[in-house]
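Take a look at the structure set out below.
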Amino acid sequence: MALGTAVKAVGNPMVNLAAVAPVSMVSSWLTIIDAGGMTVQDNVAITNPTTQITSSTRHILQRKGVGTNLLLRMRYDAGLTAIVNPTVRVFGRTGTQDWELLSTKSAALTASLTTAATDASNGTLKATTPDFSAICWDCLGCDEVIVGIETVLSGTGTKSNAYLEGKFI
């Protein structure tokens, strides 16, 4: 299957604030894996995103100079119970260079999108709480990132509306 269309980060400059060095703009939350994609496994241990992350629910996130770190959060059904948390692996590249494996700020090669009773909810969907060490990656200068699923989301209830968002900070 072909990948979905690319998602481009757009900076959100703060109003009435002077820029200081180093300058970094923050992006909005952007969908990296579409609804339904959290239940699609790319591989048990992803090593080649070009051949292993191929679902049309996946999107390459283009940084376009916005931020230097990538945060992730999963949006999932507020009624989902007995949840098995998905694990992800993140890769980055610049231009046509090969993908490189990025590690989290806590030096892990994979990350679990851990759900909790305290996750924020809008009544329909909950959102996992971003963690600056466990669910955050330094982009290492890469201008594009892609996220693959190694362990799928499972549980009792609706899983088809779960999706993954990313934000550059």
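The values are calculated or read from the model by the stated rules, or taken from the named source; none is laboratory data. Please read these numbers as outputs of a predicted model, since none were measured by experiment. So basically every Cβ, Gly included, is an ideal-geometry build from the backbone, and we count neighbours across all protein chains shown.
Among THR110, THR115, THR104, which is the only one that is crowded, with 17+ Cβ neighbours inside 10 Å, more than 25 Å from LYS8 (Cβ to Cβ) and in contact with a strand residue (DSSP E or B) (Cβ under 6 Å, 6 or more places away or on another chain)?
Going through THR110, THR115, THR104 in turn, just one is crowded, with 17+ Cβ neighbours inside 10 Å, more than 25 Å from LYS8 (Cβ to Cβ) and in contact with a strand residue (DSSP E or B) (Cβ under 6 Å, 6 or more places away or on another chain): THR115.
When you scan the stretch 69-78, do you find a residue that is at pLDDT below 95, surrounded by fewer than 19 Cβ atoms within 10 Å (Cβ to Cβ) and in contact with a Lys or Arg (Cβ under 9 Å, 6 or more places away or on another chain), even just one?
yes
Can you go through LEU71, LEU125 and tell me which one is over 18 Å from THR151 (Cβ atoms), out of contact with any Cys (no Cβ under 7 Å at 6 or more places or on another chain) and of a type in the set (A, V, I, L, M)?
LEU125
Taking THR129 as meeting all but one of (1) surrounded by 21 or more Cβ atoms within 10 Å (Cβ to Cβ); (2) without any contact (Cβ under 8 Å) to a residue 60 or more places away in the chain, write down the number of the exception.
All conditions are met except number (1).
Sort out for me the strands (runs of 3 or more DSSP E) sitting completely within the stretch 50-169 that have 3 or more residues that are of a type outside the set (Lys, Arg).
The strands (runs of 3 or more DSSP E) meeting that bar are 69-77, 81-84, 87-93, 100-102, 136-138, 144-151, 154-156, 163-168.
Within the bounds of the stretch 80-93, is there any residue that is closer than 15 Å to GLU165 by Cα, surrounded by 21 or more Cβ atoms within 10 Å (Cβ to Cβ), of a type in the set (A, V, I, L, M) and under 16 Å from the mean Cα position of the chain (by Cα)?
yes
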